[in-house]
1. Could you grab me the full set of residues in region A:25-44 that are closer than 12 Å to B:PRO173 by Cα and either more than 10 Å from chain B (Cβ to nearest Cβ) or not in a loop (DSSP other than H, G, I, E, B) (or both)?
2. Looking at B:ILE105, B:ILE88, B:ILE80 in this structure, which one is in contact with a helix residue (DSSP H, G or I) (Cβ under 6 Å, 6 or more places away or on another chain) and either in contact (Cβ under 8 Å) with a residue 40 or more places away in the chain or open to solvent by 30 Å² or more (accessible area, probe 1.4 Å) (or both)?
3. Working carefully through the options A:ILE104, A:ILE77, find the one that is more than 9 Å from chain B (Cβ to nearest Cβ), without any contact (Cβ under 8 Å) to a residue 12 or more places away in the chain, more than 18 Å from B:GLY81 (Cα to Cα) and in a helix (DSSP H, G or I).
4. Can you give me the ranges of the helices (runs of 4 or more DSSP H) entirely in region B:1-114 with at least 2 residues that are at pLDDT 80 or above?
5. Does region B:44-77 hold any residues that are surrounded by fewer than 19 Cβ atoms within 10 Å (Cβ to Cβ) and under 17 Å from the mean Cα position of the chain (by Cα), and which are they?
6. Test A:ILE155 against the stated conditions and say whether it is hydrophobic (A, V, I, L, M, F, W, C) and farther than 29 Å from B:PRO85 by Cα.
7. Based on this model, can you work out whether A:GLY93 counts as on the phi < 0 side of the Ramachandran plot, more than 7 Å from every other protein chain (Cβ to nearest Cβ) and touching a Phe, Trp or Tyr at 6+ places or on another chain (Cβ under 6 Å)?
Amino acid sequence: MSMGGQNNNRARVCLRLFWEFLKLGLFTIGGGMAMIPQMQRIAVEDNKWLTDEEVIDCIAVSQSLPGIVAINMATYIGRKMAGFPGALCATVGVGLPSFVIICIAVLLLDNLSDNPWIVGAFAGVKAAICGLLIVTVMKLGKPVLKSPFHWIMMIAALAAIAFARVNAVWVILAAALAGILWSYITGAKSHKEDGRDRQ
Amino acid sequence: MKILLLFWVFFKIGLFGFGGGLAMLPLMYQSIQQFGLMEQAEFSNLLALSQVTPGPIAVNAATYVGLNYAGFGGAVSATIGVMLPAFIIMLIVSRMLDKYKTNRIVQGAFEGIRPVTVGLVASAMIFVSQGVLVKGSLISMSMFTGGMDYYNPIAILIMVVTVVLMLAVKARPIIVMLAMAGVGALLSGTGLMT
């Protein structure tokens, strides 16, 4: 492929990233975690930017780094698809709707949270997001929960975060350590499987 | 000067805030107090507005504070400031991850992190549902003792219909959310749901 063709293709990917992340920022209420169902759909099913496993890695890394989770996810996917310009397009895309809507809301609608129609619309979206998250947990869990070890890790994380209110960063760090230990314990076995995969 | 101050304050919030929007709000409150960026009464407006409008909560909050303190220029600088740390850190980290992807320790770590991420998303559902599906906290004794008043049956129905639409018809999340926004607006606007 010629240089021109490559640049052309990259520009197209950047535009697509900007557009998809703009929609993501525009249509989700409740912050980064509420974006995961829609992000999973656009990144894995619609555009094939990430595999089932990569989208989980993206969520995990985004959660464990400081800063805004939605920006982390946008930067991760954008960079993977089209380097720095892609990261920039996805990040600006996901942040822009917030910026514009807040500016409009402050200037025009002083009593946004008093209007029953608007409050009702937001309540409807939040209830829908609960359902979307349930479906997303099923989708994300399918390729990951392969053994009792994985199930125990998942349930322990849910208990620690939702019930004991442990910060997610500590949970992810502990999980990384447990995973390293586990891979050493089961090392001999998985090494053999690795060898078979390569053939 | 005001615009530079906003950039610096929100850059720090973006740099030291872990866990995204809601977890960053207390840090934001401290900084706003420290630099007198906003009246205390105004902060409750910020809380309400940044959670009910679309998009990342921290970006909403930054735009709101910036606009209030220094007009449009302030909104731009606070918003860029709060987004920049996540952007820079993720660029560096994903580059490193690419490099060490095949490292055995990194692979082992992800083997532990992946199932935990599924648990993390499941707990997000619990947090989002509070104040929506039920009145107050989802995980409490009220689950058993609160009676029917504790639950919001219309919201629970919307959730169930969403799950069915997603699994049976493979509906698009955006379409489902728009439809449920319409349902919610109609029910609330006509006084059927409070």
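1. Those that are closer than 12 Å to B:PRO173 by Cα and either more than 10 Å from chain B (Cβ to nearest Cβ) or not in a loop (DSSP other than H, G, I, E, B) (or both): A:PHE27, A:ALA34, A:MET35, A:ILE36, A:PRO37, A:GLN38, A:MET39, A:GLN40, A:ARG41, A:ILE42.
2. Checking each option against the conditions leaves just B:ILE105.
3. A:ILE104
4. Hits in region B:1-114: B:2-16, B:21-35, B:57-99.
5. B:SER44, B:ASN45, B:LEU47, B:ALA48
6. Numbers: hydrophobic (A, V, I, L, M, F, W, C): yes; farther than 29 Å from B:PRO85 by Cα: yes.
Against the criterion (hydrophobic (A, V, I, L, M, F, W, C) and farther than 29 Å from B:PRO85 by Cα), A:ILE155 qualifies.
7. So A:GLY93 fits the description; yes.
The values are calculated or read from the model by the stated rules, or taken from the named source; none is laboratory data. Note that the structure is predicted; figures quoted are calculated from it, not measured. Neighbour counts are summed over all protein chains in view; Cβ atoms, including those assigned to glycine, are modelled from backbone coordinates with ideal geometry. In case anyone asks, the SASA skips ligands and DNA or RNA and just uses the protein heavy atoms, side chains included. Shrake-Rupley method; radii C 1.70, N 1.55, O 1.52, S 1.80 Å.
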